[in-house]
Amino acid sequence: MSKYKIAMNKKQLLSSYATGERKFVGIKISEFDLYGINLSGADLSDIKLEEFDLARAILRGVILRHAKLTDSCLDSADLTGADFRGANLRWSSFNCANLTEVDLREATFESNSFYKASLIGANLQGVDLRDANLQEANLSGANLEGAILAKVTFGNTIMPDGSIRAEND
């Protein structure tokens, strides 16, 4: 249904979703407030959501490959199983978000906050998390192979092996 780069407002997006549409590749959304929206299972690849409010959104299993979600709020969002491969996530916050089993390979980060976020089983292989806030985050079972953790803020962070990293070393 969705054509590449089609413009939709929140009401049109939700109406299409309600009728069973799940492919929204490259759409442009004209509203910035998507607080609490439920788009579970949707393909939002190549979408551009700069400075959007996606707090408390339910985005389970969403495909966000190569999406641009810069300077956006995803606090307390449920992103379980989402695919963020190649996404630009600079300056976005994921405080208290559920990022269990997400794929973040090749995603771009800069000064992100994951305070109290659940990253259980997340794939962060090779990701540059420089300057991120991981205080009280849960990284149990996460893949951090090759991840850059320079200048990351830790504090009571549960590491992939289950150990607690009390503060910056």
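Observations
- For the chain, a Kirkwood hydrodynamic radius built from all Cα pairs, placed in the Stokes-Einstein relation at 4 °C and 1.567 mPa s, yields a translational diffusion coefficient of 82 µm²/s.
- Among ALA42, ALA150, ALA57, the residue with the largest mean-square fluctuation in a Gaussian network model of the chain, with springs joining Cα atoms closer than 10 Å, is ALA150.
- Long-range HN-HN contacts of ILE63 with modeled amide H, under 5 Å: ALA42, ASP43, LEU44, ASP83
- Once the chain from ASP128 to ASN9 is taken as fully extended at 0.36 nm per residue, the excess over their C-alpha distance is 39.5 nm.
- Segment 31-169, dipole about Cα centre (Lys/Arg Cβ +1, Asp/Glu Cβ -1), debye to the nearest 20: 160
- Of ASN143, PHE154, ALA55, farthest towards positive along the dipole that unit charges on Lys, Arg, Asp, Glu beta carbons give the chain: ALA55
- GNM result for the chain, Cα springs below 10 Å: residue of GLY155, GLY146, GLY86 fluctuating most strongly: GLY146
Values in this text are rule-based calculations from the coordinates and carry no lab data. The shown structure was predicted, so the numbers you read here are calculated from the model rather than taken from an experiment. Because the Cβ atoms are built from the backbone with ideal geometry, glycine has one as well, and the counts that use them run over all protein chains shown.
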